[in-house]
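What follows is a short report on a single structure.
The values are calculated or read from the model by the stated rules, or taken from the named source; none is laboratory data. Computed from a predicted model, the values in this text were never measured in an experiment. Note that we place each Cβ from the backbone using ideal geometry, even for glycine, and neighbour counts take in every protein chain shown. Only protein heavy atoms, including side chains, enter the accessible area calculation; ligands, DNA and RNA are left aside. Shrake-Rupley method; radii C 1.70, N 1.55, O 1.52, S 1.80 Å.
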Amino acid sequence: MKTKFKNPRAKHDFQGRPCSITGVGSYVPEKILTNAQLEKLVDTSDEWITTRTGIKERRIAAATEFTSDLAAKAARRAMEMAGITAEQIDLIIVASITPDMPFPNTACLVQQKIGARRVPAFDIEAACSGFLYALEVGQNFIASRNFETVLVIGAEKLSAITNWTDRNTCVLFGDGAGAAILQSRADSHGLLATVLGADGNKAELLSMPGGGSRCPASAQSVADGLHFLRMDGKETFKNAVQAMCSAANEVLTRCEIDITRIKCVIPHQANRRIIDAVGERLGATPEQLFVNLHKYGNTSAASVAIALDEAVRSGKVQRGDLILIVAFGAGLTWGAAVIEW
Ligand code: ACO
């Protein structure tokens, strides 16, 4: 179905040219870690994890497989779908909270791995909202005609910052990457509108305190477990539902559509109960909600990118369909976007 949809960016933002997603791709590591296997690591049960989170298994990268490797594999699949070569890419943006190292950035490492030209490459750190932040930044470079082809990636090796003795967090996360190629296409409006937000007052809810300028790595920081992800699950849960609903409603309002126009809602895959609460409050039907959390757990910046790729490749969305992506993460950060596929 082709929508007779006026691009709200032209109305609300600036007269930029439309930005389409011409290819998507994802990659998850081969190794599967099931709930049953986690039962042997910490005091937990498949029943607790399934009922409290909806997660059944997650993927774990090999010791020799880094975030840039996952990112490069997802990127190659997106390039293949878009029908482009690495030489055509003008800009690379990687969203991640688990870069290969503090610097150089992971986008530069991806540039080298996929054989791209000496084009600009930088990282964005907005936790689970990172892919939406990166999409918005990338779309602005297309809209402003600075670049013709932008590679946007959400990639994480969360297993590297997971405390495998903490049952409160280790059951939740997984590794993976998702990528998108942004270009301008005459026959598609592409990214119709994006809403982004953040609240630094709640930074303490989700963090990895060690390894930065406040608490550089030391024997003490390692002993204190400061290089692991920490989370106040209950408060994060409440904030996630509230922020995702309000961002989603705002972006729908900006597009002057209601939820019934959306073919597929792609929420951040953190917890099935969060997804269901968001879906219910938005008035989305179960058929509209895309869920792959049971297979991968929470892959942070990769989460909605992997889900978008699976939604497209499974035929759940067709060209012309409207997609609502909504995410929430540490920062706090959140975002929502409406895409005409
Ligand atoms: N197995 C068994 N018991 C557990 C486990 C486990 N794996 N983990 C915690 N528990 C126990 C706790 O110790 C606690 O026990 P206590 O009451 O005796 O102290 C109890 O279960 C807590 O249970 P609930 O209150 O039911 O926990 P809740 O419903 O809040 O679920 C969860 C916890 C799954 C973490 C949930 O709060 C959540 O999903 N939060 C949001 C996560 C999120 O959205 N993250 C997004 C951003 S991530 C990012 O940015 C990187």
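Normalised by the number of residues in the chain, the average gap of Cα pairs under 8 Å and 6 or more apart makes the relative contact order 25 percent. Taking the protein heavy atoms of the stretch 191-340 in the context of the full set of protein chains, the accessible area attributed to carbon and sulfur is 52 percent at 1.4 Å. Pairing the Cα long axis of helix 272-282 with the longest principal axis of the chain, what angle in degrees results, from 0 to 90 and rounded to the nearest 10? So the helix axis and the longest Cα principal axis differ by about 30 degrees. Only beta bridges with both residues in the stretch 10-183 are counted; by DSSP, about 70 percent of them are antiparallel. Alpha carbon centre of the stretch 74-142 versus the stretch 16-66: separation in Å? So the separation of the two Cα centres works out to 21 Å. Could you report the stretch 191-340's accessible area per residue, 1.4 Å probe, as an integer in Å²? Value for the stretch 191-340: 40 Å² per residue.
For the stretch 8-111, the set of chymotrypsin sites (Phe, Trp or Tyr not before Pro) satisfying both a DSSP loop assignment and a count of at most 11 other C-beta atoms within 10 Å is given as PHE14. Counting only aspartates and glutamates at least 8 places from LYS295 when in the same chain, those with an alpha carbon closer than 14 Å to its own are GLU30, ASP46, GLU57, ASP175, GLU310. Here is the list for the stretch 61-131: trypsin sites (Lys or Arg not before Pro) lying in DSSP coil, each with at most 13 other C-beta atoms within 10 angstrom of its C-beta, are ARG117, ARG118. Both radii were evaluated on the Cα set of the stretch 10-183; the Rg over Rh quotient, with Rh as the Kirkwood radius, amounts to 1.04.
Sequence-ordered 3J(HN,Hα) estimates for the stretch 293-305 from the Karplus curve with 6.51, -1.76 and 1.60 and θ = phi - 60° stand at 3, 4, 8, 10, x, 8, 9, 6, 4, 7, 3, 6, 6 Hz, glycine and proline given as x.
Normalised per residue, the accessible area of the stretch 10-183 is 41 Å², obtained with a 1.4 Å probe and no contribution from ligands, DNA or RNA.
Sequentially through the stretch 46-51, phi angles give Karplus couplings (6.51, -1.76, 1.60; θ = phi - 60°) of 4, 4, 5, 4, 5, 6 Hz, Gly and Pro residues having no value and appearing as x.
Figure legend: label point modelled 7 angstrom from the Cα of GLU235 along Cα→Cβ; residues of the stretch 185-224 with amide N under 14 Å from it are 199-208.
Counted over the chain, the DSSP beta bridges are approximately 70% antiparallel. Volume per residue for the stretch 191-340 equals 121 cubic angstrom (convex hull of Cα atoms).
Remark on ILE124: its backbone amide H falls under 5 Å from those of VAL94, ALA95, SER96, a criterion applied only to residues 5 or more positions apart or on other chains, H modelled at 1.01 Å from N. Amide H to amide H, with H built 1.01 Å from N, ASN163 comes under 5 Å of LEU229, counting only residues 5 or more places away or on other chains.
For the chain, the pair-distance distribution built from all alpha carbon pairs, in bins 20 Å wide starting at 0, is 34, 59, 7, 0 percent. The stretch 188-205 and the stretch 259-294 have Cα centres lying 17 Å from one another.
Put simply, the amide H of ALA330, placed in the peptide plane, has neighbours under 5 Å in CYS128, SER129, leaving out anything fewer than 5 places away on its chain.
For the stretch 56-136, the share of accessible area belonging to carbon and sulfur comes to 56 percent (1.4 Å probe, ligands and nucleic acids excluded). Once you've got the Cα coordinates, tell me which of LYS56/LYS113; LYS73/LYS113; LYS202/LYS238; LYS73/LYS263 are over 21 Å apart. As for pairs spanning more than 21 Å Cα to Cα, those are LYS56/LYS113; LYS73/LYS263. Phi angles across the stretch 87-103 convert, under the Karplus curve 6.51 cos²θ - 1.76 cosθ + 1.60 with θ = phi - 60°, into 3J(HN,Hα) values of 5, 7, 6, 9, 7, 10, 10, 10, 9, 6, 9, 10, x, 3, 7, x, 7 Hz, Gly and Pro given as x.
Taking 0.36 nm per residue of sequence separation and removing the Cα-Cα distance, the SER144/VAL42 pair yields an extension gain of 31.6 nm.
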